[in-house]
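Contents: one structure, followed by commentary.
Quick note: the coordinates plus some simple rules give every number you see, no bench work behind them. It should be emphasised that the depicted structure is a prediction, and the values quoted were computed from it without experimental measurement. Here Cβ is always computed from backbone atoms with ideal geometry, including for glycine, and neighbour counts include all displayed protein chains.
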Amino acid sequence: MNKLLVITVLVALFALSAESFRVPRQVDEEEQGTITKITDTVKSYYAGAVNTASEYLEQIKGLKLEEKAKNLYTETSNIMSTYLGIAQDQLYHIFHH
């Protein structure tokens, strides 16, 4: 009885593992529907667009534009405050003397 049980379990395991190794059949291009072709095309275009956008973002990050913009703003505001201070002093001296 034990031998029969062991053999049954081994055959069942072998059958299950053999079924999991089935090779899927090849689908001919003629069997693919129009919707499948359109879907595959749209997916490929979408993947290409995402890859291109990611590459552009990496290039922009590489240029450190955000840091340059912050530095430009800081320098410009410092220069403007200096010149506005000079203009304020000039106007004060013109109108009060």
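Label-to-label distance for Asp40 and Ser77 is 5.6 nm, based on points extended 7 Å past Cα in the beta-carbon direction. With a Förster radius of 35 Å applied to the beta-carbon distance between Glu67 and Gln90, the computed FRET efficiency rounds to 0.50.
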